[in-house]
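Notes for the one structure printed next.
Please treat every number below as a calculation from the coordinates, not as lab data. Everything numeric in this text was worked out from a predicted model, so none of it was measured. Reconstructed Cβ throughout: ideal geometry from the backbone, glycine too, with neighbour counts over all protein chains shown.
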Amino acid sequence: MPSETSRLQMSLLQPAQAQKHVTVNEALMRLDGMVNLVLQSVSTSTPPLAVLDGQCWGVPAAPSGSWVGQAGRIAVGSNGGWVFLRPARGMRAFVADMGLEATHDGTGWIVGALSVGSLGSGLIAGMAEGEVVLGSGGSFVSNIFIPAGALVIGAVGRVTEALTGPATSWRLGTAGALDRFGQGLGKQQGSWARGMLGSPMAYYQADPLVVTSEGGTFTGGRISVAVHWLEMRLPS
């Protein structure tokens, strides 16, 4: 008789086994973590200081601490320690620190995968978001990048702290097309931009989002921005 299930590696009760509740409780703990799987991250290599029961992490290459030797596995918090499970091809999870779904191809997690072929190719949905903190000036290059080889759908933004200074409005775009995702945008907190492109645009080299002023310069303010794209994954 096998000692555990094949997919989630949950321990099975054995004939005449003592303390059956221990085996059952451990299996339920694994099930609690793996059903509707949420991975806190698939890129964090250091275990968190506080282990929360049921919280899961995708262990990346070259992990440290109590994750050493467990690269590629799912670390499930259990009773103050970790249970490590093998992911299988086709498993899906929400990656919390990226805000994207991921699919396992049998080797690793493909974040944003909409499809995964038998040879490893696929269509990927990508997103990058962050906050642009404005100071004195008229142009601010963000650290939110459109990656090379992306087919951009659009970009969005929302003023989270009212923009100050003589500028009358602002634009959102990239170098060479400073208003690609919006222009004449409001300065007050809550003002927003939804720059959906009529025709998706291919970017062949990485390019950051740029916020520029109209009718003057900025002296302060904050804008949350995000950009959305599709990309094609090459076969393995």
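Distance between Cα centroids, region 37-76 to region 189-233: provide it in whole Å.
Cα centroid of region 37-76 versus Cα centroid of region 189-233: 33 Å apart.
Over region 121-205, what per residue volume does the convex hull of the Cα atoms give, in whole Å³? Each step should come with its number before you reach the end.
Details: hull volume 9.1 nm³, N = 85.
Considering the Cα atoms of region 121-205, their hull volume per residue is 107 Å³.
If you average the sequence gap of Cα pairs under 8 Å that are 6 or more apart and divide by the length of region 99-236, what percent do you get for the contact order? Let's see the in-between values first.
On the way: 381 pairs, mean separation 51.9, N = 138.
Relative contact order, region 99-236: 38 percent.
Mind checking the angle between helix 20-34 and the chain's longest principal axis? C-alpha axes, 0 to 90 degrees, to the nearest 10.
20
With labels modelled as points extended 7 Å from the Cα through the Cβ direction, what inter-label distance (nm, one decimal) is found for residue 45 paired with residue 24?
4.3
For residue 32, project a label point 7 Å along Cα to C-beta. Then give me every residue of region 65-93 with its amide nitrogen under 19 Å of that point.
Those under the cut-off are 74-85.
Got the relative contact order for the chain handy, in percent, Cα pairs under 8 Å and 6 or more residues apart? Mind dumping the intermediate values first?
Working: 580 pairs, mean separation 41.6, N = 236.
Value for the chain: 18 percent.
Within region 119-157, whose backbone N sits under 15 Å from a point 7 Å along Cα→Cβ of residue 101?
Output list for this probe position: 123-127.
Place a +1 charge on the Cβ of each Lys and Arg in region 81-225 and a -1 charge on the Cβ of each Asp and Glu, then give the dipole magnitude about the Cα centre in debye, rounded to the nearest 20. Let's see the in-between values first.
Details: 9 positive and 9 negative charges, 38 e Å.
So the dipole magnitude of region 81-225 works out to roughly 180 debye.
Enter the per residue convex hull volume of region 1-145, computed from alpha-carbon coordinates, in Å³ rounded to the nearest integer. Let's see the in-between values first.
Working: hull volume 21.7 nm³, N = 145.
Each residue corresponds to 150 Å³ of Cα convex hull volume.
Given 0.36 nm per residue, what is the gain on full extension from residue 118 to residue 84 after removing their alpha carbon distance, in nm?
Numbers: separation 34, 0.36 × 34 = 12.24 nm, distance 2.61 nm.
So the extension gain works out to 9.6 nm.
Would you mind giving the average projected area, over all directions, of the Cα convex hull of region 1-67 in nm² with one decimal?
Values: hull surface 23.1 nm².
Its average projected convex-hull area is 5.8 nm².
Rg/Rh for region 79-236 to two decimals, with Rh computed the Kirkwood way over all alpha-carbon pairs.
Numbers: Rg = 18.8 Å, Rh = 17.2 Å.
Expressed as Rg/Rh, it is 1.09.
Determine Rg/Rh for region 72-163; Rg is computed over alpha-carbon atoms and Rh is the Kirkwood hydrodynamic estimate from the same atoms. List each step's numbers first, then the result.
On the way: Rg = 18.2 Å, Rh = 16.5 Å.
The Rg/Rh ratio comes out at 1.11.
What residues from region 104-124 fall in the zone where the backbone N is under 18 Å from a label point 7 Å along the Cα-to-C-beta line of residue 232?
113-124
Please identify the chymotrypsin sites (Phe, Trp or Tyr not before Pro) of region 163-236 that satisfy two criteria: DSSP loop assignment and at most 11 other Cβ atoms within 10 Å. Which are they? Working shown, then result.
On the way: sites: 170, 181, 192, 203, 204, 218, 229; in loops: 181, 204.
When the chymotrypsin sites (Phe, Trp or Tyr not before Pro) of region 163-236 are filtered for loop state and at most 11 Cβ neighbours within 10 Å, 204 remain.
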